[in-house]
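Here the structure is laid out as structure tokens; the discussion comes afterwards.
Values quoted throughout were computed directly from the atomic coordinates according to the rules given, and no laboratory measurement underlies them. Note that the structure is a prediction, hence the values are computed from the model and not measured. Here the Cβ is made from the backbone with ideal geometry for all residues, glycine too, and neighbour counts use every protein chain on show.
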């Protein structure tokens, strides 16, 4: 990959047309990022195809105030452009609804964070009244869900626009949890920044740390030692199991299945304790560093295998029972259906995409760490696109994860290595992409480094890419379906609002 | 097999904490201690290894570590095992922000702590065994919610202690706040506290909630929730483990002590448990 962006389109219009043509040809739109440089603002569209993610750049002049919106031709850019508008003050002209998303401000002329520009702006308190609340139609009203939710949930506000039962429209307001993460990355060393990456989306700490570390390793040309690559997979897959159990737990809870909720809660606790016993953090934090891992697992392989056996037997038994509980399945079947064509054109990530017949998996398309040498059991095809198939995909993946973990632990047992946990990393200046498959789907990091410091880091979580699809899945569903649909997506607000 | 039989399968998985010590809790790396010894010239500048500037050197030349800033990355222990050590045990919650700094300075005002405890005691006296907690996420990374939620699973089963999570602030006695204090949640958080019956008790859960942790400084957060509302109990951890959260909640209710505030060794861990906890089992 080039050290500095030079490739690509001359103007935002040509970038738009190029991206639209490529998406029509079947390439996957994977994100749109902006970054301030001394020579202007770089807009970078990310396109996944043929085992690579290709960045397409256009450099806007330093005084640019607007750019041609991609959204009319590439609807998946809908939120990306609103986020760029909030953080950089660049108006995407032609955008169908350029409302604030991450940072609504009372004073539109306030100095914006503009990630990439040195220096931290003063406090920017969001002003919810800067967002329009437009509801029209006979008998139509708005039910706000949140931002303080009913229960222990992450804060987010869903404005449900409804005539009473149906949900014809939904507005998602994320700004309550905006933490200014992109700005915070700037000036950090890669070793400190990996700790921040773990906190972008706390329930997918390992995947985010991996995506960040992969970008650094690409810049440094470092090769991760084999045992370290195995430990990375071990933690990434345990994270997946914990997340999928969390979804099962929340779905059971929504259906009022007290025993199932308790059982999956216990299993999830056991996974977190296993992770804690392996590394000292229940979320696998501090394991991944650029170049490898900090330490080998603290449990002997034989003990890991023993705990896995018991865990898998218990999880699979309860999963079978859950999938044979009619009162539960009735709530999932046909609920929150995501159309297969939309999943494809949007590039829906992770289990959300897979349940609609669209398979984007970074572990398969662009395998990293130990994945190229591990056998991944193929997943059965699913395409109903409803909450039911999303849960089935998760059970399929849990089985796959157990299989992967077994291979990893077996290999660690047979060839534990010489104790080298990390390769030396000398980071060159430049730009690189890193990725990993989180439980929510593909995580992409676009990283720029100068003189050993991060100058720009855009953490694109699967949650940000997928959450906007909630707009599209309420056809014919009613208010009481809401918790099932939300839980079946299994996303994290923190990762989306960053 | 019907669900009810599945539920009975494994017998009791619930911890006895705080009535009995829990081995998982006692072995858990819940914080970092500063090894107490005379500082020498060869110490160098170990404060530089900390990514959140939790380590500082006091006027007396001694190293101090602020657990309210520590994200438990363990780099200090890895770089200087002679100066820092892992603290085993989860009773890390404190009533005063200042006492999160270890080792405590000898001139710390025990009188002030006594006043805090007394004031809190007055507010929670009427709650007894029906305590309702309202949780608000003020800009967390998402992991804190998992740990709070875990308190409801059969392993911790917080209901056995007469403590419940409530959806309505109208029923809430305790406000449990997670997250770095994102400015977008300032208003909703204030409204939630306003909607609660007086008197209220506020727990800041997690290093993010105490100081902003790694997210601080930022244009979008208040570097912890302490600047948004008065906090009664501080629970460090990134995220805090469910046992630490439990300790924080019981500490707020005056049903347990602060643990050994001087920090303890693995050996002392098994012995020492403060008075309040023991009574739980009998009650």
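Listed values, structure above:
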read-out	value
The stretch A:108-177, Rg to Rh (Cα coordinates; Rh as Kirkwood inverse mean 1/r)	1.10
Beta bridges by DSSP in chain A, antiparallel share as percent, to the nearest 5	95
Gyration tensor (alpha-carbon) shape descriptor, the stretch A:183-482, a/c threshold 1.5	oblate
Computed Rg/Rh of the stretch B:26-90, alpha carbon atoms with Kirkwood Rh	0.94
Gaussian network model of chain B, Cα within-10 Å springs - most flexible of B:257, B:61, B:248	B:61
Relative contact order for the stretch A:142-294, counting Cα pairs under 8 Å that sit 6 or more residues apart, in percent	20
Computed E for residue B:111/residue A:129 - FRET, C-beta separation, R0 35 angstrom, nearest 0.05	0.15
Inter-label distance for residue A:73 and residue B:79, nm, one decimal - labels placed 7 Å from Cα along Cα-to-Cβ	5.0
Solvent-free Debye scattering, log10 I(q)/I(0), computed from the Cα coordinates of the protein assembly as shown at q = 0.07, 0.08, 0.09 Å⁻¹	-0.47, -0.63, -0.82
0 to 90° range, to nearest 10: angle between helix B:242-252 axis and chain B longest Cα axis	80
Most fluctuating residue given options B:88, B:67, B:123, as computed from a GNM of chain B linking Cα atoms under 10 Å	B:123
Cβ-based exposure ranking for B:234, A:435, B:3, in which fewest neighbours within 10 Å come first	B:3, A:435, B:234
Rel. contact order, % - alpha carbon contacts under 8 angstrom, at least six apart, chain B	23
Residue exposure sequence - A:472, A:186, A:428 - by fewest surrounding Cβ within 10 Å	A:428, A:472, A:186
Mean-position separation - Cα centroids, the stretch A:261-318 and the stretch B:89-161, in angstrom	27
In degrees, nearest ten, helix B:186-195 long axis to first principal axis of chain B (Cα)	50
Chain A, relative contact order [Cα under 8 Å, separation at least 6], %	18
Value at 222 nm in deg cm²/dmol, rounded to 500, when DSSP H runs of n ≥ 4 in chain A each add -39,500 (n - 2.57)	-12500 deg cm²/dmol
Per-residue mean of C-beta atoms belonging to partner chains within 10 Å, peptide B:173-182	3
Size of the stretch A:254-349 as Cα extents on the principal axes (Å, biggest first)	46, 38, 20
Percent of beta bridges antiparallel (DSSP, chain B, rounded to nearest 5)	45
Computed FRET value (nearest 0.05) for residue B:9 with residue A:373, which takes r as the C-beta separation and R₀ as 35 Å	0.40
Value of D in µm² per second that Stokes-Einstein yields for the stretch B:143-257, Kirkwood Rh from Cα pairs, at 25 °C (0.890 mPa s)	171
A:456, A:390, A:320 arranged by Cβ crowding within 10 Å, fewest neighbours leading	A:320, A:456, A:390
Centre separation in Å (Cα based) which lies between the stretch A:48-96 and the stretch A:323-337	38
Residue A:383 versus residue B:16: modelled label distance in nm, points set 7 Å from Cα along the beta carbon direction	5.8
Antiparallel DSSP beta bridges within the stretch B:113-227, as percent of all bridges there, nearest 5	5
Three-way shape call for the stretch B:166-231 based on the alpha-carbon gyration tensor, with the a/c threshold at 1.5	prolate
Dimensionless Rg ratio for chain B, taking C-alpha atoms and the 2.2 N^0.38 Å reference	1.01
Fraction of the pair-distance distribution of the stretch A:281-417 above 24 Å, Cα-Cα pairs, percent	44
Between 0 and 90°, nearest 10: helix B:110-124 axis offset from chain B longest Cα axis	10
Theoretical gain in end-to-end length, residue A:323 to residue A:25 [0.36 nm per residue, Cα-Cα removed]	103.5 nm
Spin-label proximity, residue A:91 to the stretch A:99-133 - amide N less than 20 Å from point 7 Å beyond Cα toward beta carbon	A:99-114, A:130-133
Dmax and Rg, reported as Rg then Dmax, of the stretch A:406-448 (C-alpha, Å)	15.6, 39
Rounded if a/c under 1.5, otherwise prolate or oblate - the stretch A:12-126, Cα gyration tensor axes	prolate
Label-point gap, in nm, between residue A:165 and residue A:107 - each point 7 angstrom along Cα→Cβ	5.0
FRET efficiency for residue A:479 and residue A:341, using Cβ-Cβ distance with R0 set to 35 Å, rounded to 0.05	0.85
